[in-house]
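Quick notes on the structure that follows.
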Amino acid sequence: MNEIDLLVETFKKPERKILGMMSGTSADGLDLVLISVNGCGKSTKCVIERTAHFDYPDDLRKQILESMKADALMRDVCSLDFELGEFFGDCARKFLGDEKIDLISSHGQTVFHNPPGRTKHACTYQIGDGDIIAMRSGVITVSDFRIKDIEAGGEGAPLVPHADYILYSSESESIALNNLGGISNVTYIPVRAREDQIMAFDTGPANALIDLITRKYFDVSFDKDGSISANGKVDAELFESLKSKEMDYILKMPPKSTGKEIYNEGYLPANSLNPYDLLRTVVKFSAWSIYESYKIHVIPKGLDRIILTGGGAMNKTLVGDIKMYFGKIPVEILKDWQWREAEAFAILANELICGNPSNNPKVTGAGYPVLLGKISLP
């Protein structure tokens with residue numbers, strides 16, 4: 001069977017095995033989730049079969065973080081695109097062994113995201129090329145999910161809400177699923193909602209500024225369990241300065257998205273604070289920005305429960321601040337929080353094979369629904 005015949009057979013199958021792969025803006029490594037999926041759209045039935053995480057080697061992670069900086073050289077980013085594609089393909093091969101599956105779905109590693117309105121021309125760039133993944137793994141690969149939405153006038157983000165609607169919509173409560181990656185993003189699903197009634201957007205920073213400080217002052221990748229920031233005190237002057245700086249974005253009506261091209265070293269004003277106090281202040285600021293966004297855009301619509309996912313859900317200091325701000329609204333951590341986004345992009349690949357658009361124009365701002373993802377044959 002040649003590659004085209006294999007693709008045709010994949011389109012025909014009522015049930016598929018799909019490996020979802022996700023690397024978020026924190027750039028700590030690659031999450032892999034193998035799912036069995038039956039059906040498509042609202043009737044999708046999905047079972048997680050197994051999961052794994054591969055840390056980036058130190059040198060590779062350093063290159064990824066360098067590629068996100070404004071002075072990164074295109075020749076270096078181009079080379080990294082190929083190197084990361086090889087890493088992703090090798091991880092898939094190690095994870096799968098001899099097991100045969102139908103598709104790999106790879107979000108890629110975002111190194112630049114420039115939605116409409118910031119500069120002359122909108123664009124987005126996720127590295128880890130899908131052709132290379134397909135060739136290294138021997139599996140049909142779907143990648144580059146964001147580009148069509150941007151060309152249709154959207155932000156190219158968030159895209160996970162379509163999968164959230166399939167997996168988490170409820171007949172009894174209004175919920176907010178909030179991912180705490182480098183950036184904080186929320187999917188709000190009203191009770192008994194149609195898909196065109198959900199709302200999703202980036203609220204601002206989650207771990208982006210926190211990780212920046214822990215790397216610079218404590219020589220660690222992240223604030224494990226929030227144990228470092230717990231030793232600091234909030235500096236009122238810096239806190240108020242950051243709040244004032246962030247209000248323009250918070251007040252902007254969704255759809256909206258942001259990224260590390262905003263929340264980087266240039267975002268923090270010059271200061272001479274004790275590093276512990278600096279970190280503690282930034283943690284509280286991240287929690288505040290999440291709450292303030294909800295207060296303006298979500299809570300007035302009715303909210304019964306908040307479900308946290310992403311690496312920031314393990315930061316006890318950050319989660320404690322979030323719970324303090326939300327008061328009586330329950331805040332909990334999703335049981336399989338680490339795998340939510342990888343699973344979501346596996347579902348988006350399934351939607352492409354089913355011929356279903358999977359952007360939500362109300363969420364992204366696109367002018368119309370589009371099929372998301374490019375197909376790479378092995």
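The values are calculated or read from the model by the stated rules, or taken from the named source; none is laboratory data. This structure is a prediction, so every number in the text was calculated from the model and none was measured. Neighbour counts run over all protein chains shown; Cβ positions are idealised from the backbone, glycine included. Accessible surface is based on the protein model in full, side chains and every heavy atom, while ligands, DNA and RNA are left aside. Shrake-Rupley method; radii C 1.70, N 1.55, O 1.52, S 1.80 Å.
Using a simple charge model, +1 on the beta-carbon of Lys and Arg, -1 on the beta-carbon of Asp and Glu, nothing else, what dipole does the stretch 70-159 show about its Cα centre, in debye to the nearest 20? Mind dumping the intermediate values first?
Working: 9 positive and 15 negative charges, 39 e Å.
For the stretch 70-159, the charge dipole is close to 180 debye.
With bins 10 Å wide starting at 0, give me the P(r) of the stretch 73-141 over every alpha carbon pair, in whole percents.
Histogramming the stretch 73-141 at 10 Å steps yields 21, 42, 25, 11, 2 percent.
I'd like the accessible area for LEU60, computed on protein heavy atoms only with a 1.4 Å probe and all protein chains in place. Round to 10 Å², please.
Solvent-accessible area, nearest 10 Å²: 10 Å².
Check every DSSP H run in the chain and write down those whose alpha carbon atoms cover 18 angstrom or more along the long axis and whose mean Kyte-Doolittle hydropathy is 0.0 or greater.
Details: long enough: 74-96 (33 Å, 0.15); 236-251 (22 Å, -0.14); 275-297 (33 Å, -0.10); 340-354 (21 Å, 0.71).
Result, helices passing both filters: 74-96, 340-354.
Using only the alpha carbons of the stretch 292-336, what is the convex hull's orientation-averaged projected area in square nanometres? Show your work: numbers first, answer last.
On the way: hull surface 13.4 nm².
With every direction weighted equally, the projected area is 3.3 nm².
Could you state the principal axis extents of the C-alpha atoms in the chain, from the largest down, to the nearest angstrom?
66, 48, 41
Name every cysteine in the chain that ends up alone, with no second cysteine's Cβ under 4.7 Å, or say none.
Cys with no partner Cβ under 4.7 Å: CYS46, CYS78, CYS91, CYS123.
At 7 Å along the Cα-to-beta-carbon direction for both ARG305 and TYR249, put a label point, then send me their distance in nm to one decimal.
Label-label distance for ARG305 and TYR249, simple model: 3.0 nm.
Please report, as a whole percent, how much of the solvent-accessible surface of the stretch 1-143 comes from carbon and sulfur atoms (probe radius 1.4 Å).
53 percent
What does the helix-only formula give at 222 nm for the chain: each DSSP H stretch with n ≥ 4 adding -39500 (n - 2.57), the total divided by the residues, and the result rounded to the nearest 500 deg cm²/dmol? Intermediate values should be presented prior to the final figure.
Details: 12 runs with 145 residues, N = 378.
That comes out to -12000 deg cm²/dmol.
Are there trypsin sites (Lys or Arg not before Pro) in the stretch 201-265 that DSSP marks as loop and that have at most 14 other Cβ atoms within 10 Å, and which are they? The partial results should precede the final answer.
Numbers: sites: ARG215, LYS216, LYS224, LYS233, LYS243, LYS245, LYS252, LYS256, LYS260; in loops: LYS233, LYS252, LYS256, LYS260.
Loop-located and lightly packed - LYS233.
Semi-axes of the equivalent ellipsoid of the stretch 1-128: what are they in whole Å, largest first, if each equals the square root of 5 times a C-alpha gyration tensor eigenvalue? List each step's numbers first, then the result.
Working: eigenvalues 181, 68, 42 Å².
Semi-axes, largest first: 30, 18, 15 Å.
Do you know the relative contact order of the chain, to the nearest whole percent, from alpha carbon pairs under 8 angstrom that are 6+ apart? Write down the numbers at each step before the final one.
Details: 797 pairs, mean separation 85.3, N = 378.
Relative contact order, the chain: 23 percent.
Whenever you get a sec, compute what percent of the accessible area on the stretch 246-300 sits on carbon and sulfur atoms (1.4 Å probe). Could the numbers behind the result be given before it?
Details: 1170 of 2200 Å².
In the stretch 246-300, the share of accessible area belonging to carbon and sulfur is 53 percent.
Mind grabbing the accessible area of MET247 for me, 1.4 Å probe, Å², rounded to tens?
Surface open to solvent at MET247 totals about 50 Å².
Just grab the label-to-label distance for SER79 and LYS62, each label 7 Å out from Cα along the Cβ direction, in nm (one decimal).
Here the answer is 1.4 nm between the modelled labels.
Can you give the accessible area of ASP336 in Å² (nearest 10), computed on protein heavy atoms with a 1.4 Å probe?
About 80 Å², rounded to the nearest 10.
Please state the relative contact order of the stretch 73-222 as a whole percent: Cα pairs under 8 Å, 6+ residues apart?
Working: 226 pairs, mean separation 24.3, N = 150.
Value for the stretch 73-222: 16 percent.
Return the tail of the calculated pair distribution for the stretch 91-178, meaning the percent of Cα-Cα pairs more than 23 Å apart. Numbers along the way, then the final one.
Details: 1661 of 3828 pairs.
Of the Cα pairs, 43 percent sit more than 23 Å apart.
I need to check one value: relative contact order of the stretch 234-339, counting alpha carbon pairs closer than 8 Å and at least 6 residues apart, in percent. The partial results should precede the final answer.
Numbers: 73 pairs, mean separation 31.7, N = 106.
Relative contact order of the stretch 234-339: 30 percent.
What's the ranking of 47-56, 15-24, 355-364, 170-179 by average number of surrounding C-beta atoms within 10 Å, highest first?
Highest mean packing first, the order is 15-24, 355-364, 170-179, 47-56.
Could you please report the charge total around HIS53, scoring K, R as +1 and D, E as -1 over all other residues with beta-carbon less than 9 angstrom from its beta-carbon?
Values: positive: none; negative: ASP28, ASP31, ASP55.
Neighbourhood net charge equals -3.
Points 7 angstrom from Cα along the Cβ direction at THR10 and VAL234: gap in nanometres?
Spacing of the two 7 Å Cα→Cβ label points: 4.9 nm.
What base-10 log of the normalised intensity I(q)/I(0) is obtained for the stretch 127-256 from the Debye formula, alpha carbons as equal point scatterers, at q = 0.18, 0.19, 0.20, 0.22 Å⁻¹?
-1.16, -1.18, -1.20, -1.24
Taking each pair of different alpha-carbon atoms in the stretch 262-378 once, compute 1/r for the pair, average those values, and report the inverse of that mean as the Kirkwood hydrodynamic radius in Å to one decimal.
Mean inverse Cα-Cα distance, inverted, gives 17.6 Å.
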